[in-house]
Each structure stands twice: as C-alpha cells, then as structure tokens.
C-alpha cells in the first residue's frame with residue numbers, strides 16, 4: 001500500500017477543491033485541461049521535491065513518476081467525478097426543482 005505524502009494530502013484537501021470550485025458547470029476545452037494539468041504538475045513537483053542521484057545531480061520527477069505517485073488520480077479525473085456526483089444529486093431532485101428544469 002502506498003502512503004500519501006503529507007503535502008499531497010494538503011493539495012487534495014485544500015488546494016484542489018479551491019481551484020476546482022464550481023467545476024461541475026465548466027466547459028472543459030483542451031486548452032483549459034492543459035492549463036489545469038500543468039498547474040497540478042507544478043504543485044506536485046514542489047511537493048515531491050527533486051531527488052539527489054548517486055552522481056550528485058538533482059532529478060525532478062517526470063510526469064510518469066508523478067502519475068505513479070498519485071495513483072493516476074489527476075485533476076481532470078477529479079472534475080469528471082465531481083460532475084457525475086452533481087448529476088446524481090440533480091437526478092434525485094424533484095421534477096419541479098428549478099435546477100432540474102434548467103437542464
């Protein structure tokens with residue numbers, strides 16, 4: 001079992017929810033997805049600091065390493081999950097609900 005880095009827990013509980021506030025109604029175009037992924041990788045690279053190699057050089061984490069460390073749970077998948085959860089809430093609302101009438 002892989003344990004989460006303390007910084008990753010802070011990112012997942014504080015930073016990501018603030019960044020994705022009201023993401024359920026966003027239009028996710030490719031340029032926005034790219035910007036979100038870049039932001040997330042920058043934050044994760046700060047959390048998972050560079051490692052010192054045997055030859056004395058420093059190595060930052062690659063995208064593949066970051067994906068492995070986070071279990072492939074990226075910000076785009078989080079937004080998609082939030083949308084599905086919201087859709088479930090809307091589906092359970094009464095038919096005369098203003099929200100349900102608007103979709």
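Would you mind telling me which numbered condition in (1) at pLDDT 90 or above; (2) in contact with a helix residue (DSSP H, G or I) (Cβ under 7 Å, 6 or more places away or on another chain) residue 103 fails?
(1)
Within the set of pairs 6+ apart or on separate chains, which have a first residue in segment 48-65 that is free of Cβ contacts under 8 Å to residues at least 24 places away in the same chain, a second that is part of a helix (DSSP H, G or I), and C-beta atoms under 8 Å apart?
60/45; 61/44; 61/45; 61/69; 63/41
In this structure, is residue 45 surrounded by 15 or more Cβ atoms within 10 Å (Cβ to Cβ), under 15 Å from residue 12 (Cβ atoms) and either more than 15 Å from the chain's Cα centre (by Cα) or modelled with pLDDT of 90 or more (or both)?
Taking the combined requirement at face value, the residue does not satisfy it.
The values are calculated or read from the model by the stated rules, or taken from the named source; none is laboratory data. For clarity, every value in this text was computed on a predicted model and none was experimentally measured. Heads up, the Cβs are rebuilt from the backbone with ideal geometry, glycines too, and the neighbour counts pull from every protein chain shown.
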